[in-house]
Amino acid sequence: MAMSSERTKELFQQHLEYWKAGDLDGLMKDFHPDAFMISGSGIIKGSDNIRDFYAYVFANVLPAEVRAGLTFDKQQYEGDAAFSEWSGPGIKYAADTMVVKDGLKWVETFAAVYE
């Protein structure tokens, strides 16, 4: 059964807030254990591995001072899918997509063009 766009929006907005705050526990609480992430670096399978990825990103790629300067320019929602475009210090353009099922994050994609 497809989720409503409103519930998908609620889940994705919460995801963005946890992400901006660097709250790893909050960020991961709604990932399904078998979730996966697709990016230019490859496919990350399982919520434990996604957690490790985000821990690395928060510490080494997008620390708090960089995350504080990010601008989330556009979000779109349709049923189970959410999409966001954003930019910020050192990031010319980035985009994320998330697919939710039964109230949990199942698929996330990420792409960025760095300056």
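Structural remarks
- The range 5-114 - convex hull of the alpha-carbon atoms, volume per residue in Å³: 87 Å³
- The distance from the alpha carbon centre of the range 55-78 to that of the range 1-39 is 14 Å, rounded to a whole number.
- The calculated FRET efficiency for ASP34 paired with PHE72, based on their beta-carbon distance and R0 = 35 Å, is about 0.80.
- Tail beyond 17 Å, pair distance distribution of the range 1-50 (Cα, percent): 47 percent
- Kirkwood-based Rg to Rh ratio, the range 24-72, C-alpha trace: 0.99
Laboratory data are not the source of any read-out in this text; all were calculated from the coordinates shown. In this text, all values refer to a predicted model and were calculated from it rather than measured experimentally. So basically every Cβ, Gly included, is an ideal-geometry build from the backbone, and we count neighbours across all protein chains shown.
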